[in-house]
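J.: Attaching a single structure in structure tokens format; questions to follow.
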Amino acid sequence: MNVINTGQRLIRDFDVDAIRRDFPILSRDVYGKPLVYLDNAASAQKPTAVIDAVRGAYENEYSNVHRGLHYLSNETTQKFEDARETVRSFLNAPSSDEIIFTSGATDAINLVADSIGAEIEEGDEIILSVLEHHSNIVPWHFLRERKGAVLKWIPVSDEGDLDIDEYEKLFTSRTKFVAITRMSNAIGSITPTKEMIRIAHDHDVPVLVDASQGVVHMATDVQDLDCEFLVITGHKLYGPTGIGALYGKRDLLEKMRPYRGGGEMIREVKMDEITYGDPPHRFEAGTPPIVQAIGLGAAIDYVTSFGMDAISAHEKTLLAYATERMSEINSLQIIGTTPNKGAILSFIVEGAHPHDVSTVIDRAGVAVRAGHHCAQPAMDRFGVTGTCRASFAMYNTKQEVDALVDSIAGAIKFFS
């Protein structure tokens with residue numbers, strides 16, 4: 001594999017066969033057939049670089065971080081904070097102090113919702129889109145239930161695009177927050193995030209961006225977006241489970257109350273008062289996900305070694321090919337046909353339940369997801385209870401798309 005020095009970092013040639021060799025699990029068989037893993041929107045597989053980083057952290061330098069004076073603690077603390085800097089660079093955040101490690105995107109969104117919830121009053125409005133994952137819906141429902149907040153919804157077109165004109169009409173003097181996805185996990189639609197943030201700012205309303213899917217498939221620059229908050233999760237980004245990150249603008253983080261209490265997040269504890277620490281540690285109570293953070297740093301280093309533009313181009317080619325091939329199947333309907341989408345195809349087969357279709361597909365060695373994908377408002381919008389979802393990653397190939405199409409044809413024949 002060739003390596004090119006861009007002057008900033010080393011970029012490797014995008015060689016899919018070589019990339020696949022970096023992922024040990026892709027060499028295995030299921031049901032006596034080669035594994036075709038197309039469930040990447042749920043969770044991506046892990047490259048050797050991540051596996052080695054996690055194993056090495058446990059085998060060679062594991063200790064708790066911060067405040068330790070011994071060698072292992074200092075070494076682990078350095079790697080932990082290096083991972084924070086890696087996330088900062090990946091998102092182009094101004095400071096690593098604006099990067100908070102969490103257990104995942106769900107935890108990060110709950111952190112923001114809980115902290116800003118202290119300022120929410122009955123009748124205050126929060127704008128969401130119909131495309132959101134439940135993790136970016138339920139925490140705001142908590143504020144509806146507990147504080148009397150009003151949830152307002154951005155409608156979605158038949159093709160799967162958010163209606164920006166209707167979005168702008170939702171703002172009133174009571175609108176306090178906007179929480180939107182960068183890319184739908186259910187149907188793949190990419191939202192006009194930057195424009196939506198600009199509109200919100202015209203009304204002096206802060207915005208949280210759920211980039212759990214989007215950050216995997218496209219370059220993400222929080223300074224260019226100008227969002228107040230942005231969340232990512234590690235396991236979709238080829239990293240470990242149990243780790244995510246929240247970016248927040250420093251001036252807002254300094255005003256926010258802590259989400260949880262415990263060790264590390266305080267400056268001083270007395271019997272009659274406490275003083276909170278500064279961000280990011282104010283929001284990282286207790287022993288953090290140390291090894292998981294190191295693994296996340298390794299995952300980001302891995303994907304950026306190819307460049308997000310190269311990954312995006314490869315996935316767009318796969319998506320176009322898969323869309324063309326699947327559109328040839330008469331009894332198959334793709335849900336979400338907008339051309340502005342990431343590498344996700346959500347579909348239904350006439351006369352067959354998505355769970356049944358995915359089970360037959362699985363027997364051909366092809367892994368897809370079936371159900372509502374934790375996006376029931378989106379499913380309701382399109383008049384379905386669930387779909388089958390094929391989601392592509394940097395290591396997938398056209399041959400695997402062919403295997404998917406063949407397995408769908410087999411399922412249709414089975415149910416006919």
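The values are calculated or read from the model by the stated rules, or taken from the named source; none is laboratory data. Please read these numbers as outputs of a predicted model, since none were measured by experiment. Every residue, glycine among them, receives a Cβ derived from its backbone with ideal geometry; neighbour counts consider all protein chains shown.
J.: For segment 68-121, name all the residues that are among the β-branched types (V, I, T) and either within 16 Å of A293 (Cβ to Cβ) or touching a Ser or Thr at 6+ places or on another chain (Cβ under 7 Å) (or both).
T.: So in segment 68-121, the residues among the β-branched types (V, I, T) come out as 76-77, 86-87, 99-100, 102, 106, 109, 112, 116, 120.
Of everything in segment 68-121, those that are among the β-branched types (V, I, T) and either within 16 Å of A293 (Cβ to Cβ) or touching a Ser or Thr at 6+ places or on another chain (Cβ under 7 Å) (or both) turn out to be T76, T77, T86, V87, I99, I100, T102, T106, I109.
Yes/no matrix, rows are residues, columns are (1) part of a loop (DSSP other than H, G, I, E, B); (2) in the same structural domain as E228 (by TED's automatic domain parsing):
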| residue | (1), (2) |
| --- | --- |
| T241 | yes, yes |
| P258 | yes, yes |
| G261 | yes, yes |
| E264 | yes, yes |
| Q292 | no, yes |
| K316 | no, no |
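J.: Can A343 be described as farther than 18 Å from I187 by Cα and of a type in the set (A, V, I, L, M, F, W, C)?
T.: no
J.: Pairs please, first residue from segment 95-120 and more than 11 Å from M256 (Cα to Cα), second anywhere and part of a strand (DSSP E or B) and β-branched (V, I, T), Cβ atoms under 7 Å, 6+ apart in sequence or on different chains.
T.: G104/T233; A105/V231; A105/I232; A105/T233; A108/T102; A108/V231; I109/V231
J.: In segment 348-363, which residues are in contact with a Ser or Thr (Cβ under 7 Å, 6 or more places away or on another chain), closer than 13 Å to A409 by Cα and buried (at least 18 other Cβ atoms within 10 Å of the Cβ)?
T.: Within segment 348-363, I348, V349, I361 meet the criteria.
J.: Considering (1) assigned to a loop (DSSP other than H, G, I, E, B); (2) out of contact with any strand residue (DSSP E or B) (no Cβ under 7 Å at 6 or more places or on another chain); (3) among the hydrophobic types (A, V, I, L, M, F, W, C), say which one V384 fails and leave the rest.
T.: In the conditions (1) assigned to a loop (DSSP other than H, G, I, E, B); (2) out of contact with any strand residue (DSSP E or B) (no Cβ under 7 Å at 6 or more places or on another chain); (3) among the hydrophobic types (A, V, I, L, M, F, W, C), V384 misses (2) alone.
J.: Okay, next question. Going through segment 190-238 one residue at a time, which ones are part of a helix (DSSP H, G or I), more than 18 Å from the chain's Cα centre (by Cα) and under 18 Å from E166 (Cα atoms)?
T.: So in segment 190-238, the residues part of a helix (DSSP H, G or I) come out as 193-202, 214-217, 222-225, 235-237.
Checking the rest, the ones that are also more than 18 Å from the chain's Cα centre (by Cα) come to 195-202, 223-224.
Those that are part of a helix (DSSP H, G or I), more than 18 Å from the chain's Cα centre (by Cα) and under 18 Å from E166 (Cα atoms): E195, M196, I197, R198, I199, A200, H201, D202.
J.: Given segment 1-103, what strands (runs of 3 or more DSSP E) lie entirely inside it while holding 2 or more residues that are at pLDDT 95 or above?
T.: Details: elements: 3-5, 10-12, 99-102.
Result: 99-102.
J.: Any residue in segment 202-221 that is farther than 14 Å from A179 by Cα sitting within a Cβ distance under 7 Å of a residue that is part of a loop (DSSP other than H, G, I, E, B) and among the charged types (D, E, K, R)? List the pairs, counting only those 6 or more apart or interchain.
T.: As it stands, the answer is Q213/R182; G214/R182, since those pairs meet every condition given.
J.: In addition: Answer with yes or no whether A83 is in contact (Cβ under 8 Å) with a residue 12 or more places away in the chain and either touching a Pro at 6+ places or on another chain (Cβ under 8 Å) or not assigned by TED's automatic domain parsing to the domain that holds V231 (or both). Give the steps one after another, and end with the answer.
T.: On the way: in contact (Cβ under 8 Å) with a residue 12 or more places away in the chain: yes; either touching a Pro at 6+ places or on another chain (Cβ under 8 Å) or not assigned by TED's automatic domain parsing to the domain that holds V231 (or both): no.
Taking the combined requirement at face value, the residue does not satisfy it.
J.: For segment 318-328, does any single residue satisfy the condition of being of a type in the set (G, A, S), at pLDDT below 95 and more than 25 Å from S43 (Cβ to Cβ)?
T.: So the first thing to find is which residues in segment 318-328 are of a type in the set (G, A, S), and the list is 320, 322, 327.
Those still in the list that are at pLDDT below 95 too: none.
The answer is no; no qualifying residue exists.
J.: Also, I was wondering about something else. Look through H372, H355 and report the one residue that is in contact (Cβ under 8 Å) with a residue 12 or more places away in the chain and under 20 Å from the mean Cα position of the chain (by Cα). Let's see the steps before the verdict.
T.: Working: H355 fails: under 20 Å from the mean Cα position of the chain (by Cα).
That would be H372, the only listed residue that is in contact (Cβ under 8 Å) with a residue 12 or more places away in the chain and under 20 Å from the mean Cα position of the chain (by Cα).
J.: Could you please find all residues in segment 123-139 being in contact with a strand residue (DSSP E or B) (Cβ under 7 Å, 6 or more places away or on another chain) and not polar (S, T, N, Q)? First the steps, then the outcome.
T.: Step one: filter segment 123-139 for residues in contact with a strand residue (DSSP E or B) (Cβ under 7 Å, 6 or more places away or on another chain), giving 123-133, 136-137.
Result: G123, D124, E125, I126, I127, L128, V130, L131, E132, H133, I137.
J.: Of these, I361, I412, I329, I334, which one is of a type outside the set (G, A, S) and part of a strand (DSSP E or B)?
T.: Values: I361 fails: part of a strand (DSSP E or B); I412 fails: part of a strand (DSSP E or B); I329 fails: part of a strand (DSSP E or B).
The unique qualifying residue is I334.
So that you can scan it fast, the table gives a plain yes or no per residue for (1) touching a strand residue (DSSP E or B) at 6+ places or on another chain (Cβ under 6 Å); (2) farther than 30 Å from A299 by Cα; (3) not assigned by TED's automatic domain parsing to the domain that holds H373:
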| position | (1), (2), (3) |
| --- | --- |
| S157 | no, yes, yes |
| D163 | no, yes, yes |
| E166 | no, yes, yes |
| R182 | yes, no, yes |
| P192 | no, no, yes |
| R198 | no, yes, yes |
| D204 | no, yes, yes |
| V215 | yes, no, yes |
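J.: Sticking with this structure for a sec: As an exercise: evaluate L345 against (1) assigned to a helix (DSSP H, G or I); (2) surrounded by 23 or more Cβ atoms within 10 Å (Cβ to Cβ); (3) outside the structural domain of P258 (by TED's automatic domain parsing) and give the number of the one condition it does not meet.
T.: Condition not satisfied by L345: (1).
J.: For the condition under 26 Å from S103 (Cβ atoms) and either without any contact (Cβ under 8 Å) to a residue 24 or more places away in the chain or not hydrophobic (A, V, I, L, M, F, W, C) (or both), what is the one hit in S173, S135, S157, S189?
T.: Values: S173 fails: under 26 Å from S103 (Cβ atoms); S157 fails: under 26 Å from S103 (Cβ atoms); S189 fails: under 26 Å from S103 (Cβ atoms).
Answer to the check: S135.
J.: Does at least one position in segment 5-27 carry a residue that is of a type outside the set (A, V, I, L, M, F, W, C), in contact with an Asp or Glu (Cβ under 9 Å, 6 or more places away or on another chain) and surrounded by 13 or more Cβ atoms within 10 Å (Cβ to Cβ)?
T.: no
J.: Considering segment 381-415 alone, what residues qualify as being free of Cβ contacts under 8 Å to residues at least 40 places away in the same chain and over 18 Å from I25 (Cβ atoms)? I'd like the intermediate steps shown before the answer.
T.: In the first step, residues of segment 381-415 are kept if they are free of Cβ contacts under 8 Å to residues at least 40 places away in the same chain; the result is 383, 385-386, 399, 413.
The answer is G383, T385, G386, K413.
J.: Only one residue in I187, I120 is surrounded by fewer than 22 Cβ atoms within 10 Å (Cβ to Cβ), in contact with a strand residue (DSSP E or B) (Cβ under 7 Å, 6 or more places away or on another chain) and in a loop (DSSP other than H, G, I, E, B), so which one is that? Before the answer, list the steps.
T.: Details: I187 fails: surrounded by fewer than 22 Cβ atoms within 10 Å (Cβ to Cβ).
One residue alone meets the criteria, I120.
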